[in-house]
Amino acid sequence: MGWVIVTLIVIAAAFICCVLYVKQIAKHKFICKECSKEFNVNWRMILFAMHYENQYEIRCPHCGHVGCTVKESE
Ligand SMILES: [Zn+2]
């Protein structure tokens, strides 16, 4: 049954890497594509949000538009 433990460790490690990566993204500000306002996003929302390149399917807290881009760090 050793392979089960190995598989679980690999999945856990992959998940932890994913969370650390998402937490790095969450430090950035997001900019709404509709109203151009900046807002912060909880890292858990990024984890479950669809994204492609630097665009994220996250709802804007100001206007409700889904779709924003990550602001480059200053
Ligand atoms: Zn907006």
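Values in this text are rule-based calculations from the coordinates and carry no lab data. Values in this document were obtained by computation on a predicted structure and should not be read as measured data. Cβ: placed from backbone, ideal geometry, glycine included. Neighbour counts: every protein chain shown.
Multiplying the residue separation of W3 and I16 by 0.36 nm and removing their Cα-Cα distance gives an extension gain of 2.7 nm.
If the chain linking E72 and L47 were pulled fully straight, counting 0.36 nm for each residue of separation and taking away their Cα-Cα distance, it would gain 7.1 nm. Per-residue ellipticity at 222 nm for the chain, helices alone: DSSP H runs ≥ 4 residues times -39500 (n - 2.57), over residue total, nearest 500 deg cm²/dmol? Helices in the chain give a 222 nm mean residue ellipticity of -14000 deg cm²/dmol. Taking Cα atoms, how many degrees apart are the long axis of helix 2-26 and the longest axis of the chain, rounded to 10 and kept between 0 and 90? Helix 2-26 and the main axis of the chain meet at about 20 degrees. A simple spin-label model places the labels of E57 and I31 2.3 nm from each other, with each point 7 Å out along Cα-to-Cβ. For the chain, the Stokes-Einstein estimate of translational diffusion at 25 °C and a viscosity of 0.890 mPa s comes to 181 µm²/s, using the Kirkwood hydrodynamic radius over alpha-carbon pairs.
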